[in-house]
1. Quick check for me: using +1 on Lys/Arg Cβ and -1 on Asp/Glu Cβ, what's the dipole size of the chain about its Cα centre, in debye to the nearest 20?
2. How large is the convex hull of the C-alpha atoms of the range 278-416 per residue, in Å³?
3. For Val166, what is the net charge nearby, where nearby means another residue's Cβ is under 9 Å from its Cβ and Lys, Arg count +1, Asp, Glu -1?
4. Carbon-plus-sulfur fraction of the accessible area of the range 94-283, 1.4 Å probe, in percent?
5. Hey, what did the range 94-283 get for relative contact order, percent, Cα under 8 Å, at least 6 apart?
6. Give the separation of the Cα centroids, the range 34-79 to the range 241-255, in Å.
7. Just to verify a number: FRET efficiency for Leu158 and Gln335, C-beta to C-beta distance, R0 = 51 Å, to 0.05?
8. Quick check on the range 177-316: what does the Kirkwood estimate of hydrodynamic radius come out to from the alpha carbon pairs, in Å?
Amino acid sequence: MGDAVPVHPSEDQAADTVRQLRALATSEGAVALARAAELLDAGSDPVAGLTRLRAEVGTDLAGPAWGIARQRRKARSTFGADADRLLFTADTLEQAGRPELAARRAARLLAGGADSVADLGCAAGTDTIALARAGARVLAVDVDPVARALTAANVAALDLADDVWVLPGDAVELVAAARGGEIAGCAAAVLDPARRADGRRLLDPDTWSPPWATVVALLEKVPTSVVKVAPGLDHDRVPAGVEAEWVSVGGSIVEALLWGPAVATTWRRATTVRDGVVSELTADADPGRAAAGPVRGWLHEPDPAVIRSGLVALVAEELEATLVDPTIAYLTSDQAADSPWVTSYRVDEVLPFNLKKLKALLRTRGVGRVVVKKRGSPIEPETLSRQLRGAGSGTATVVVTRVAGAPTVLVCDVVA
Ligand SMILES: C[S@@+](CC[C@H](N)C(=O)[O-])C[C@H]1O[C@@H](n2cnc3c(N)ncnc32)[C@H](O)[C@@H]1O
């Protein structure tokens, strides 16, 4: 998932890109794109492929078609069959969220009956498409003309143009003008601020575009709204009455969301998607911190959505588990857990962190390959894993952490 501020060196360059995108949306453009895709799929190298494409479709279409076809190839793993109908620039593909999560957001936002939504910063239109597919009329605005051209072309390509209006607009001004729970005549809003500039993450929400003040104002003025924020957002920033949700897919955090008061149903929510199965853990109030205790037979690594949402204590209660250290998010209990909230490891050995002793232990147990995990330790997992490589054919997971404040190694899941 990306969130870059699309930076165009000049208005001329943006105007050029818009012209090229419009040319690609014609029937000649479609032929050029299809041919570029064929050449790329056949493994043509860029110089030979582009030379051939220029000869076949002309210089004006060849370069842009080649560029878009490359983005489409990259987009296939995320966008599936739609990828070959959509237009993305490198910037907007990097910014695009996952379509299945955009669909989930759209369904929840519209569940209360809202039928018109303002997408405030549409980029290539991932949210706009999801909202239109969920049955809403969508006003898609962006300050960037390239983003608007992409969204217009993409909704047309997916036969959604009748339900989408793409217009220039500044989210800051639209939010400032919002009245009576509506924004720009719409009953609901989606805001996904740009959170990168010059290839770097903008850690301070006040520097996002639009900035934090607009996020807060939107949530207050348009209660049927959802804002995508950085997963590292400080809990203290979440306004009262707003639900904060962290979503992970396959064990990695992919997005964090703030739900306006009309759609909020809880205080915090952790959502995990594992092998396509969606599980949700909610708390109406801060569950506090889990108790700490000695390492027992199983170690449980909470999913990052559980950790970021501050719900580790709920999981500890469910698993009858305790923390290995008051400051570290590893849980321990007597039993394995069949739970969407944790990954469990059987603990075979617990020893103070000492490289020589650890190597000797692994040698004795016939372990020659390890996966290293760490929390609360400065070690480099890849480096330690290399250092621990040995002649044995056995495998193990080595967890380097703190237990009751002391640097400790847990050797888990030893298979000799
Ligand atoms: C992170 S992207 C949105 C990505 C989109 N939701 C998706 O999943 O494809 C942010 C977009 O907001 C636009 N933007 C930034 N500041 C804006 C503002 N003040 N008003 C309107 N659009 C803005 C950027 O041009 C960019 O296209």
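The values are calculated or read from the model by the stated rules, or taken from the named source; none is laboratory data. As the structure is a prediction and not an experimental result, all values here were calculated from the model. Counting neighbours? That spans all protein chains shown, and the Cβs are built from the backbone with ideal geometry, glycine included. These accessible areas exclude ligands, DNA and RNA; they are computed on the full protein's heavy atoms, side chains included. Shrake-Rupley method; radii C 1.70, N 1.55, O 1.52, S 1.80 Å.
1. 1720
2. Normalising the Cα hull of the range 278-416 by residue number yields 108 Å³.
3. 0
4. Ligands and nucleic acids excluded, carbon and sulfur give 51 percent.
5. On the way: 389 pairs, mean separation 29.4, N = 190.
Result for the range 94-283 is 15 percent.
6. Cα centroid of the range 34-79 versus Cα centroid of the range 241-255: 36 Å apart.
7. Details: r = 48 Å, r/R0 = 0.94.
So, using R0 = 51 Å, E works out to roughly 0.60.
8. Roughly 16.3 Å, rounded to one decimal.
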